[in-house]
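The values are calculated or read from the model by the stated rules, or taken from the named source; none is laboratory data. Predicted, not measured: the structure shown is a model, and the values here were computed from it. Here the Cβ positions follow ideal geometry from the backbone for every residue, glycine too, while neighbour counts run over all protein chains shown. Areas reflect the complete protein model, heavy atoms only, side chains present, ligands, DNA and RNA absent. Shrake-Rupley method; radii C 1.70, N 1.55, O 1.52, S 1.80 Å.
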Amino acid sequence: IHFSFSTQFPSPLRALISNKRDRSTERKKEEGEGIENLREGGEEDLRVSNRERETMAMRGLFNEMKGMKVKDVPAHLKPKMSMGFLRSTFQNWLDNYHKKYIMTNSIDPLYHVCFGGMAFSYLIALPEERRHLEHQQHAKEHGGH
């Protein structure tokens, strides 16, 4: 998807966004992806490939477990749920995130913090909001104020 930035963003921001798209295209070319896989969206293509990687990982896990008996599944999954395995997986994720976003001077980490903080604050406030709405509904039903 390509948007026209002429009316939406000031020119310095427009230049930053177009430079980001150019850098992601150059990065893909350096990584050996064929030109036929490059689309104008740049970063959207990377998200699709990440989603495909996650799907392949889940498919691989299911394929590993497909021939197992149910009683063998916990023994197979237990090492994958150990603290050491989770730490190393998280460290690999941090290293990949740093390489993909921080080293390329991408603006995406700012978006991740803003939208992640917004979602987190919404989830934290949700129980209080639900209690408030239930109390309001109860007061309406029983003639309270």
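Zone of HIS132 (label point 7 Å along Cα→Cβ, backbone N under 20 Å): which residues in segment 101-122?
117-122
What do you reckon, how do ILE102, ILE124, ILE107 stack up by accessible area (1.4 Å probe), largest on top?
Final ranking, largest accessible area leading: ILE124, ILE102, ILE107.
Using a 1.4 Å probe on the protein heavy atoms only, what accessible surface does HIS135 show? Give it in Å² to the nearest 10.
Taking all protein chains as shown, HIS135 has close to 120 Å².
Rounded to the nearest 10 Å², what accessible area does TYR97 have for a 1.4 Å probe in the complete protein model?
50
Pop out the carbon and sulfur fraction of the accessible area of segment 81-144 as a percent, whole number, probe 1.4 Å.
The nonpolar share, carbon plus sulfur, comes to 66 percent.
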